[in-house]
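Engineer: The structure is given below, and queries will be raised subsequently.
The values are calculated or read from the model by the stated rules, or taken from the named source; none is laboratory data. In this text the structure is predicted, and so the values were computed from the model without any measurement. Cβ atoms come from the backbone with ideal geometry, glycine included; neighbour counts cover every protein chain shown. Only protein heavy atoms, including side chains, enter the accessible area calculation; ligands, DNA and RNA are left aside. Shrake-Rupley method; radii C 1.70, N 1.55, O 1.52, S 1.80 Å.
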Amino acid sequence: MKITNVKVLVTCPGRNYVLVKIETDEGLYGWGDATLNGRELAVASALEDHIAPLLIGRDPDRIEDAWQMIFRGTYWRGGPVLMTALAGVDLALWDIKGKRAGLPVYSLLGGKTREGALAYTHCGGEDFHEVEDEVRAALARGFKNVRVQVSIPGNVGTYGTAPGRSTVMGSTRPDMPYVEQWEPAPYLRTIPKMFEHLRVALGDEVELLHDVHERLNPIQASRLAQELEPYHLFFLEDPLRPEHKESFRLIRQHTTTPIAMGELFHSRWEAVPLITEQLIDFIRCDIGHIGGLTEARKIAVLAETYNVQTAWHGPGDIAPMTHAANVHLDISIPNFGVQEMVHFPEVTQEVIFGGPTFDNGYMVVSDRPGLGTDVNEAAAAKYPYERSYLPMVRRFDGSVHDW
Ligand code: KDG
Ligand code: MG
């Protein structure tokens, strides 16, 4: 079998996605996802102009060799754009391999270790009562694990709560970044109070998570993790930027709150020190930005060795192929922890279908050969790319902060 074509489809069914179709001379094809929010066209160009020509005529069965060729065979390697492009190719090749074998990808990865992947959903609100209501609704839908985020008084637009449009800073144009306002002091005062409210209102059984979104410095993160200890979080996510791995030692010295980290990693070697020093409890790389399943399963093995569990990133701005890859890996490894999930809107499912489904607290994939996902190309053509950006953050004094 030979690869005859690599097609890159940029489509906006609700939001932008970059999809990769690898076609073969035997009629089999595979779909991958190469979406990098806010930099979609950079990845599409990397694929079309630089990577696709290398793949034509190659045997799609040789995934590891293709991976090594794209990553290691080029002098300039790595970074979010190239690793997202590589993930798109990698997922499409695993999809073809599964279809060729007549087996779902989880079977190729060693077979099921569990029936479904424990899932968590997002709950956010303007105040503690709104968050509480959201959590109650999620529990009623079958969730056992929920991520909780609340608006910070005095700040404009808080990550994880209903999006607004800043009128005090930045532009209100929808094709330009929305600018949030954020200050660490009110955030640090508010979050422990939210957890206190939720534990009193909801009891101890529900598993609560929180995403710091890499906004704190080491001593702030250590203080927050320590103050959250009485509320027994399932995990505290991404407390620091990925540049500051040594600072995780400070957090560890101060708290037993479990720590999850890694959605911004685009290299296995970023994860290595956190895993081997056991500075985190959950590794949550994005399979779509770390180079695909081929790389994620190696990271999972490394994590297993050091008693670290997985919690692969599963937001709405990666396509259902990556969500499918998440669950195929989740249900075939021994050290799976939890899976972030989203419900894709109908307009997205009209274009990309066959992704994982939610069943009473767990994500499941079908037994269809490959990843199980497919694309309606005619429907995709109805939704052309629309320029958009992730939001930005500025402090009250106007200076740029990490979003
Ligand atoms: O592109 C950025 C988003 O995927 C990210 O902000 C979502 O932090 C996120 C999460 O935990 O889902
Ligand atoms: Mg996150």
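One line per residue, one yes/no per condition, for (1) over 18 Å from Asn335 (Cα atoms); (2) within 15 Å of ligand 1 (Cβ to nearest atom):
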| residue | (1), (2) |
| --- | --- |
| Arg249 | yes, no |
| His254 | yes, no |
| Ala260 | no, yes |
| Ser267 | yes, no |
| Leu274 | no, no |
| Arg297 | no, no |
| Leu302 | no, no |
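Engineer: For segment 359-390, name all the residues that are within 16 Å of ligand 1 (Cβ to nearest atom) and part of a strand (DSSP E or B).
Structural biologist: Result: Met363, single match.
Engineer: In segment 219-233, is there at least one residue being buried (at least 17 other Cβ atoms within 10 Å of the Cβ), farther than 28 Å from Thr256 by Cβ, in contact with a Pro (Cβ under 7 Å, 6 or more places away or on another chain) and not assigned by TED's automatic domain parsing to the domain that holds Cys12?
Structural biologist: Checked segment 219-233: no residue is buried (at least 17 other Cβ atoms within 10 Å of the Cβ), farther than 28 Å from Thr256 by Cβ, in contact with a Pro (Cβ under 7 Å, 6 or more places away or on another chain) and not assigned by TED's automatic domain parsing to the domain that holds Cys12.
Engineer: Here is a further query. Please work out which one of (1) hydroxyl-bearing (Ser, Thr, Tyr); (2) closer than 16 Å to Ala117 by Cβ; (3) out of contact with any His (no Cβ under 9 Å at 6 or more places or on another chain); (4) part of a helix (DSSP H, G or I) is the condition Ser332 fails and give its number.
Structural biologist: All conditions pass for Ser332, except number (4).
Engineer: Within the set of pairs 6 or more residues apart or between chains, which connect a residue that is of a type in the set (S, T, N, Q) inside segment 248-273 to a residue that is within 16 Å of ligand 2 (Cβ to nearest atom) with Cβ atoms less than 6 Å apart?
Structural biologist: If the second residue must be within 16 Å of ligand 2 (Cβ to nearest atom), the pairs left are Thr255/Ala225; Thr257/Ala225; Thr257/Leu233; Thr257/Leu236.
Engineer: Which condition from (1) outside any loop (DSSP other than H, G, I, E, B); (2) modelled with pLDDT of 95 or more is the one that Val393 breaks?
Structural biologist: Going through the list (1) outside any loop (DSSP other than H, G, I, E, B); (2) modelled with pLDDT of 95 or more, Val393 breaks only (2).
Engineer: In the list His122, His129, which residue meets the criterion of being outside the structural domain of Leu19 (by TED's automatic domain parsing), within 18 Å of the chain's Cα centre (by Cα) and not β-branched (Val, Ile, Thr)?
Structural biologist: Values: His129 fails: within 18 Å of the chain's Cα centre (by Cα).
When all the criteria are applied, what remains is His122.
Engineer: Only one of Ala324, Ala319 is closer than 24 Å to Val308 by Cα, away from ligand 2 (no atom under 16 Å from the Cβ), surrounded by 24 or more Cβ atoms within 10 Å (Cβ to Cβ) and not charged (D, E, K, R). Can you tell me which?
Structural biologist: Of the residues listed, the single one that is closer than 24 Å to Val308 by Cα, away from ligand 2 (no atom under 16 Å from the Cβ), surrounded by 24 or more Cβ atoms within 10 Å (Cβ to Cβ) and not charged (D, E, K, R) is Ala324.
Engineer: May I pose another question? Somewhere in segment 255-268, is a residue more than 27 Å from Thr35 (Cα to Cα), assigned to a helix (DSSP H, G or I) and in the same structural domain as Ala185 (by TED's automatic domain parsing)?
Structural biologist: The answer is no; no qualifying residue exists.
Engineer: Report whether or not Ala311 is in contact (Cβ under 8 Å) with a residue 24 or more places away in the chain and not assigned by TED's automatic domain parsing to the domain that holds Trp182.
Structural biologist: Answer is no for this residue.
Engineer: For segment 187-213, give me each residue that is within 15 Å of ligand 2 (Cβ to nearest atom) and assigned to a loop (DSSP other than H, G, I, E, B).
Structural biologist: Once the filter is applied, which keeps residues that are within 15 Å of ligand 2 (Cβ to nearest atom) and assigned to a loop (DSSP other than H, G, I, E, B), segment 187-213 yields Val212, His213.
Engineer: Go through segment 321-360 and report how many residues are touching a Phe, Trp or Tyr at 6+ places or on another chain (Cβ under 6 Å) and either more than 20 Å from Ile283 (Cβ to Cβ) or aromatic (Phe, Trp, Tyr) (or both).
Structural biologist: Adding up the residues that qualify gives 1.
Engineer: Only residues that are outside any loop (DSSP other than H, G, I, E, B) and open to solvent by 60 Å² or more (accessible area, probe 1.4 Å): list them for segment 63-79, please.
Structural biologist: Let us first name the residues in segment 63-79 that are outside any loop (DSSP other than H, G, I, E, B), namely 63-71.
Residues satisfying the conditions are Glu64, Asp65.
Engineer: Out of segment 243-272, which residues are of a type in the set (A, V, I, L, M) and open to solvent by less than 30 Å² (accessible area, probe 1.4 Å)? Before you say what the answer is, go through the steps one by one.
Structural biologist: Taking segment 243-272 as the starting set, the residues that turn out to be of a type in the set (A, V, I, L, M) are 250-251, 259-261, 264, 271-272.
If the condition is that a residue be of a type in the set (A, V, I, L, M) and open to solvent by less than 30 Å² (accessible area, probe 1.4 Å), then Ile251, Ile259, Ala260, Met261, Ala271 are the ones that fit.
Engineer: Sticking with this structure for a sec: Taking Thr84 as the residue in question, decide whether it is touching a helix residue (DSSP H, G or I) at 6+ places or on another chain (Cβ under 6 Å), buried (at least 24 other Cβ atoms within 10 Å of the Cβ) and either in the same structural domain as Asn326 (by TED's automatic domain parsing) or hydroxyl-bearing (Ser, Thr, Tyr) (or both).
Structural biologist: So Thr84 fits the description; yes.
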